[in-house]
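Scroll down for the structure; my scribbles are underneath it.
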Amino acid sequence: MIIFAAGFFGSWTFFGTLYYLFTVVGYQTSDRRCIENVNSFVTAFLFSMESQHTIGYGFRYMTDNCAPAYVILSIQLVVGIFLQTMLTGLVLAKVLRPKKRKQEMRFSRIAVIGPLDEHDRRPALMIRLADIQEKLFLAESHVRLYMASSRINNRGDRELIGVKDMNVGYDSGWDRVLLLWPIIVRHVIDEDSPLYGITRESLLTADFELIMTVEGIVEATGMTFQARTSFLPDEILWGHKFKPMVLMNEKLSKYEIHYGLFDHTERVLDFDVTPVEAEELEDELEHHHNASGFM
């Protein structure tokens, strides 16, 4: 809004100064008046503003005595139309661009590695995600997770080895999320995972960075946006899980979101799953699903 106002005020002042210099100071005399009732900078400024926006009160008007005044007026009218179009476009772009919307996407400050859920003990990497905006909803939002590995070469410089995609439910559609409430994004650490084989000890010396992105469409404007964050190994807690933050209010008989618990975790007792045990748990879970009639 400041840019919008400053652009017009600057234009009025600039052309008002030209009117004052070319007419009042340079050409205008008592016998030859370029612009009637313009005899100071203030009146020249008012004439500039009235001309650019076609206000035309009639008290100040141009005569045919000064050619420079015609040229200045013609240029001002063209510049005024261009300026109004450009500033309007800038303001609309500023209002509609999803920068602020991206800042309202909240990621947990840490990631955790723990059991997938209460009924599935397979190890999983988990990151909490929430959209703290309650009025502008997102459409077609989905998440991506990548692992960027690096190493120190012979010259002592850090170099990127590669970036691997981490499955957060692409095959089952769990990567498409509905952010009406906080969710936990889960990546199962199985034999296809870049984290396969990692242990509590190896995590302390690992050299990688996890990059998580969230993409979506702002429902009100139709514009796309992307928010992202990253986690280093020292920002990953082993053997933890996130505390519940969507709690039931018995008095009001409704669920409430407690953002004060957003980054709170709790330790999972007896969680230290080896890769072999993880495969056995996966086979056992698959056998249980097949026996129950789910394929």
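Bear in mind that the values in this text are calculations on the coordinates, not laboratory data. These figures come from a predicted structure and were not determined experimentally. Here the Cβ is made from the backbone with ideal geometry for all residues, glycine too, and neighbour counts use every protein chain on show.
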Label-point separation, L204 to Y255 (7 Å along Cα→Cβ), nm: 3.9 nm
re the chain: pairs of Cα atoms spaced beyond 29 Å account for a percent value of 58 percent
Scoring the chain by relative contact order with C-alpha pairs under 8 Å, at least six apart, yields a percentage of 16 percent
Please report the projected area of the range 213-265's Cα convex hull averaged over all directions, in nm². 6.1 nm²
Under 23 Å between C-alpha atoms is the cut-off here; go through the range 100-291 and count lysine pairs that meet it, provided they're at least eight residues apart or on different chains. 5
Sorted largest first, extent of the range 2-96 alpha carbons per principal axis (Å): 55, 22, 20
Which net charge results for the neighbourhood of F242, defined as the other residues with beta-carbon distances under 15 angstrom from its beta-carbon, given Lys and Arg at +1 and Asp and Glu at -1? +2
Output ordering of 107-115, 261-269, 211-219 (per-residue mean of other Cβ within 10 Å, highest first) is 107-115, 211-219, 261-269
